[in-house]
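Structure record follows, encoded as structure tokens.
The values are calculated or read from the model by the stated rules, or taken from the named source; none is laboratory data. All of these numbers come straight from a predicted model, not from anything done at the bench. Because the Cβ atoms are built from the backbone with ideal geometry, glycine has one as well, and the counts that use them run over all protein chains shown. All accessible areas refer to the heavy atoms of the entire protein, side chains included, with ligands and DNA or RNA removed. Shrake-Rupley method; radii C 1.70, N 1.55, O 1.52, S 1.80 Å.
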Amino acid sequence: MVYKFVAMGCAALIACLAACSDDASPSFAGPAQSSAESSSCAAVQSSSSSEIAAASSSSIDNVIESSATSSSSAAGQSSSSSETVSSSSAETTSSSSAEPATQYLWNDEFDGESIDLNKWTFDIGTGASGWGNNEWEYYTDRKENAYVKDGVLHIRAQKEDYEGQKYTSARMLTKGKFAFKYGTVEARIALPTGKGIWPAFWMLGENFDTVGWPACGEIDIIEAVNTENKIYGTNHWANGAEYATYGNNTGDYRNQKFELDITQFHTYKFTWDEKYIRMFVDDFMYHEILIEGNEGDTEEFHKPFFFLLNVAVAGNWPGFEVDDSQFPNEMLVDYIRVIK
């Protein structure tokens, strides 16, 4: 199973300059970054057995974002105009609501005694080329790597010799069990940090098995690497026969930054409709992309996607220095809810 990291030319995206905003004076992102320290799209994770070959190494010339003026009225965006927005979330205990599940298109409150296999399945093994990212972990479906306790899902990366690898972890997905198009996702998650650690909450197109990556599209709602207290949100897609990627993060978004301790629970929100994809943490927006009318060949993002949760060890993005003293290290998930 592999997703190959691909860097390809996307000059055609300049063509979306004219119609990418409701505003007369749109703001737009600069050239796409290829540095792992500046963008979460420096590596792509996979769940397929077919390798994807890399093409051109040139970067995207421009990806257009909606105007700061029009997006500032988006529901849930922080209203602070200060340069730094401080996190107000510090608790680490479960706070799952008792609201009925009938309110949601799909949800998992992780209130049972075990992982609900009617909702989740597991990727197993190392994948081809370390899931396309040269990761070092062996993914299992063992309770040692993924379990539910006190209303919280634990995905645990461990230092242990297992099936020829030095580390184990888990990668859970809803593929074949749940996928959706458009809606609002809310999740309460606490992330691990440590040299060489790479947690993620992300999505892949349901048609992955038939069209492959990147034609299926990828939406990374949450990624973090190493010891950074920073969250990355990224989109990956095919731009014709090429590859496109666009991402932002909480460290610097529209001249604001959101200071947060990612090891504490925070509320993450992802909104998706025919026009925009937006990502928030505690109501601070850290990523937005315009997909209306398939601007920039973004037709992938108008089809159903499924969820993935995983904690990787090492890889092309976090690098290959791993602090073994951090293990076991866990991602904690209180709940995931989808509202249509």
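Out of Thr250, Thr267, Thr263, which single residue is open to solvent by less than 10 Å² (accessible area, probe 1.4 Å) and of a type in the set (Ser, Thr, Tyr)?
Matching residue, one of Thr250, Thr267, Thr263: Thr250.
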Item to check | Residue count, region 221-239 (criterion: in contact with a Pro (Cβ under 8 Å, 6 or more places away or on another chain) and surrounded by 24 or more Cβ atoms within 10 Å (Cβ to Cβ)) | outcome: 6
Checklist entry - If you check Ala200, Ala190, Ala215, which single one turns out to be open to solvent by 10 Å² or more (accessible area, probe 1.4 Å), at pLDDT 95 or above, in contact with a strand residue (DSSP E or B) (Cβ under 6 Å, 6 or more places away or on another chain) and of a type in the set (A, V, I, L, M)? => result Ala215
Item to check | Of all residues making up region 214-243, the number that are over 15 Å from the mean Cα position of the chain (by Cα) and more than 21 Å from Tyr182 (Cβ to Cβ) | outcome: 9
Checklist entry - Ile277: more than 14 Å from the chain's Cα centre (by Cα), of a type in the set (A, V, I, L, M) and under 21 Å from Tyr182 (Cβ atoms), yes or no? => result no
Item to check | Verdict on Gly196 being touching a residue at least 12 places away in the same chain (Cβ under 8 Å) and in contact with a Gly (Cβ under 7 Å, 6 or more places away or on another chain) | outcome: yes
Checklist entry - Within region 143-167, how many residues turn out to be within 27 Å of Trp213 (Cβ to Cβ), open to solvent by 10 Å² or more (accessible area, probe 1.4 Å) and assigned to a loop (DSSP other than H, G, I, E, B)? => result 2
Next on the checklist: Show the residue pairs meeting these rules: Cβ distance below 8 Å; 6+ apart or different chains; first residue within region 121-145 and in contact (Cβ under 8 Å) with a residue 60 or more places away in the chain and within 20 Å of Glu330 (Cβ to Cβ); second residue open to solvent by 50 Å² or more (accessible area, probe 1.4 Å) and in a loop (DSSP other than H, G, I, E, B).
Outcome noted: Asp123/Met1; Trp131/Met1; Trp136/Phe320; Tyr139/Ile124
